[in-house]
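To keep things clear, I will list the structure first and then write my remarks on it.
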């Protein structure tokens, strides 16, 4: 894959050459959204072109740039418009609406592409001397403002793009461990591992545009984390270059030698230093894969099934339960502009017959492993799901989901062109609180959107699914679609985000299950970790970065 | 169970009323050890009686004691000889040889028994005002000097015995979580949980004499950790009272809200504060239990079987592979003073026939769960073990081990009475390094014992087993028996410990897999964590305990 910057969108998701393919169903989609959101007409809201973007003056002097080029090479120190704008923001809704409007007050003054830990150490020296902020940049897919180019009182900002550090250094086949440079993209890593018969199995929605280091720095979780583990779990060790020197964590399994520094590195979001190499736990490449669906009449029934599957330790790769609104929305979305097929009509009739009702909840079950292991799991899951009233709907919905699992972020760009906002947020909680948190948060999202939206009747689409699960609880992933406030979309978004985040914390959820903190969740960190917890993390930061050069303004309030 | 202090040994292991039962085989044991260790006669080395123990002067003033009694109650502030000596040390070899010889330079000046977090907060205030060291004391079973009463420059030492904080506060049956006060002993916790149909499943060898808070503080691992997880894994949240306030960690499963503070608490060994309450992940009480053995002609073959079982994710509670020396020693030890039975003779002959050889390695496999799950695992394990040349030897060795699994520490006291030293140490490493580390460490132990022992021909007994295992590696647990140097046993032990610990770190092992750091492993922490890692941990400590009152001299160099 060619990750040259000019192949990638600078103010939208993914490949420049790729858009969400509506297969000519655009008009149907717009009509559907208009009717759902209660607006008469969707406006055209094109993005500002790159050449028209305002570009803040460069705070780096010529001699500083020359010095940087001496440390790296001429071509790996960029100060041109494209590189500076490309690296200004991540890919959150908040980021994209600002990029599309040309609403920028800060961009990196320089973008550097180091190729080794030694070069990174030299860069931290350079930044210390010149009091510059350093922004570690992997795939740039943060959706929480994790890579915003904020100087925060420093003399300028250098964004450090790590994607040239992308070699796989070692595969220890006996220990099922691989060590790679942290700037490697998901597909690059998997291609290398799979050639040897292994997989990391970490496939977040951002898989194609995120890096190993970013996954660990943000404590991410892939869609199949039930089997392959979230980043904090598959992460076995790292090298971290900080302004005060280099940290090499152990890679031995479990140790009682004091607190586990690996869990300080996982989730550090670049504020302690650059993750330059990481060791991760592998799995043999699965030889069997089985994704299939069940329908439940109630979200609670489906959640109970997931809980039971987890608590019985059934070997499962993914359990994804959409609530009734999401199930309905996705089925509507899929059928837009298509005549209802004989099969789908028959399915509806059948559902009615078996009593699942008009707004069922779909559970997608993903199994990966060997034919033997997936067969055993399939039997166990059928027993649990059907025992709880689940209706098996076969492999088609699973296949459909699997084939398009990386595509949804492209749709957001299409919606933004027509003044339709879409954002997601996620949390996790214990099983005994999942139903409560689901209800509270979806209501709060709807209430906040209505309160802060002056377009049409401001009616939102709010939906959720359980995306990751554990013996003791699960994550809830919310998606909401709303009429964008064209005058003040940032303020609209902020007001909604603030109220919903408050509701999450007040009701026993974590501020993020797998997106991270960045700038967007920073204000809720004290609520989550406590004053003392924040003091502990700040003390760690100060011990390795006394001048606060690393990714200022992220993670810590 | 009655945990009154007078029911427990103050200078040895466990219940006062219990000794290792040799069933009249003492003479055989002594003869066996004499011959193995190459010494003519085992000396009698009785312990100094409590009334003859030197007791350092109490550094607490009368008014301080009165003030403490005002904070708690009269009877929960102890300054008598028994309480002070009882709480002076843990239960390591190093501790016991000093206690038995009356070789004490420091003991706690007072022992307090708080009953609430509020009382603990008051105690930290008191200690801050009077500049006293606070030693968190759970079951007192540390084998790494984790609870030594060291003032380290402070004006005195208060040992804080937490065992009156022993209530189970909540069982969340839906989330399989329990919250309990941290001073609860293993049997108290399990009794409560099992009444409700659950288990934590954490059964370290110290189970009867260790507490929930201690397990987490030391990052311990139970013998069945393959199924139930080590402390760092089953630990879902805690309240920690520090000199700067109280920290409440979240209990939600997985979170991407920055570094996981729970992994700073796990392994903190009391240097950040007192763990007062902890939430842990439960399992339904197993309805089936199956422990059985296999023999292998080589340690490597057995280790490969464990690795394959782990990497195939077979549901197993315990995998314990003794090396040839340990297998031989245990079989000799069991048969001391017994005529070789017809059955055992037949077994030897059979082993010879199938080619396992004279010094096989025994693998004990423990399965827990339901009849269905243990049956499935039994089939999978038989396939893997027998495919690798393992000879099944049935359930008897497993049953034997299970029935006596908490008894071995009592034997140490008997050996100490006859001038025979016995100590253990443990580490973990990746699979690709397990064989190398096993060889290097056992050789180093033997070499160091020979070098530092002037008794008899100084020939040691050195043996090891794999005690805990993971997909990426395993722990190695070493036991060594040697003629105690009667003139300078502490120096002898220190010299051996130093050389072996160096060898562990130099050869890619962690300084501890589940015993912890305490004072004994502190000097190797910089080697393991790096200068920067230690700086990070010290920064955390300073942020919550700026005067260094909490457990001084432990964990951090």
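Computed over segment A:409-509, relative contact order equals 36 percent, with contacts defined as Cα pairs under 8 Å that lie 6+ residues apart.
With the helix formula -39500 (n - 2.57) applied to DSSP H stretches of n ≥ 4, chain A reaches a computed 222 nm mean residue ellipticity of -11500 deg cm²/dmol. Stokes-Einstein at 25 °C, 0.890 mPa s, Kirkwood radius from Cα pairs: D for segment A:190-294 in µm² s⁻¹? Diffusion coefficient, whole number: 167 µm²/s. Rounded, prolate or oblate: pick one for segment B:1-114, where a ≥ b ≥ c are the square roots of the eigenvalues of its C-alpha gyration tensor, a/c under 1.5 means rounded, and failing that, prolate if a/b is larger than b/c, else oblate. Prolate is the answer for segment B:1-114, as a/c is 1.5 or above and a/b outweighs b/c.
With the label put 7 angstrom out from Cα along the Cα-to-Cβ vector, residue A:50 ends up 8.1 nm from the copy partners, going from closest to farthest.
Taking every DSSP beta bridge that has both ends in chain A, the antiparallel portion is near 85%. Expressed per residue, the C-alpha convex hull volume of segment B:460-520 stands at 93 Å³.
Would you order B:1, A:550 from fewest to most other beta-carbon atoms within 10 Å of each residue's own beta-carbon? Display every interim value, and only then the final one.
Numbers: B:1 11, A:550 27.
Exposure proxy ranking, most exposed first: B:1, A:550.
Segment A:1-65 to segment B:493-557: how many Å between their Cα centroids? That distance is 52 Å.
Ranked from largest, the principal axis spans of the Cα set of the protein assembly as shown equal 99, 63, 59 Å. Take residue B:74, move 7 Å from Cα toward the beta carbon, and the resulting point lies 8.9 nm from the same point in each other copy, nearest first.
Helix A:431-451 and the longest principal axis of the Cα set of chain A meet at an angle near 80°. For segment B:354-444, taking the reciprocal of the average inverse distance between every pair of different Cα atoms yields a Kirkwood hydrodynamic radius of 16.8 Å.
From the C-alpha coordinates alone, can you work out the Kirkwood hydrodynamic radius of segment B:98-239, in Å?
Values: mean 1/r = 0.0613 Å⁻¹.
With all distinct Cα pairs of segment B:98-239 included, I get 16.3 Å.
Seen against the Cα atoms of chain B and their longest principal axis, helix B:489-506 is set at about 70 degrees.
Overall size of segment A:216-263 from C-alpha positions, given as principal axis extents largest first: 36, 26, 14 Å.
Between residue A:27 and residue A:79, the FRET efficiency estimated from the beta carbon spacing at R0 = 35 angstrom works out to 0.20.
Between residue B:333 and residue B:58, the distance separating the two model label sites (each 7 Å from Cα on the Cα→Cβ line) works out to 4.1 nm. Segment A:132-207 and segment B:237-269 have Cα centres spaced 27 Å apart. Residues in segment A:270-292 near a label at residue A:399, defined as backbone nitrogen under 15 Å from the 7 Å Cα→Cβ point? Backbone N within reach: A:289-292. Semi-axes of the equivalent ellipsoid of segment B:408-514 are 26, 15, 10 Å, computed as sqrt(5λ) over the eigenvalues of the C-alpha gyration tensor in descending order.
Over all directions, how big on average is the projection of the convex hull of the alpha-carbon atoms in chain B, in square nanometres? Numbers along the way, then the final one.
On the way: hull surface 99.8 nm².
Result: 25.0 nm².
DSSP beta bridges in the protein assembly as shown, what fraction antiparallel, as a percent rounded to 5?
Details: 122 of 140 bridges.
Approximately 85 percent, going by the DSSP bridge assignments.
In the distance distribution for segment B:49-144, Cα-Cα pairs more than 22 Å apart total 31 percent. For segment B:123-267, the relative contact order comes to 17 percent (Cα pairs under 8 Å, sequence separation of at least 6). Centroid-to-centroid, using Cα positions, segment A:451-483 and segment B:297-311 are 48 Å apart.
What's the FRET efficiency of residue A:4 with residue A:287 using the Cβ-Cβ distance as r and R₀ = 30 Å, to the nearest 0.05?
Numbers: r = 35 Å, r/R0 = 1.16.
My answer for the efficiency is 0.30.
Roughly what angle does helix A:525-544 make with the longest principal axis of chain A, taking Cα atoms, 0 to 90 degrees, to the nearest 10? So the inclination is approximately 30 degrees.
Quick note: the coordinates plus some simple rules give every number you see, no bench work behind them. A quick note: this is a predicted structure, and the numbers were derived from the prediction, not measured. Don't worry about glycine lacking a Cβ; one is built from the backbone with ideal geometry, like all the others, and counts go over all protein chains shown.
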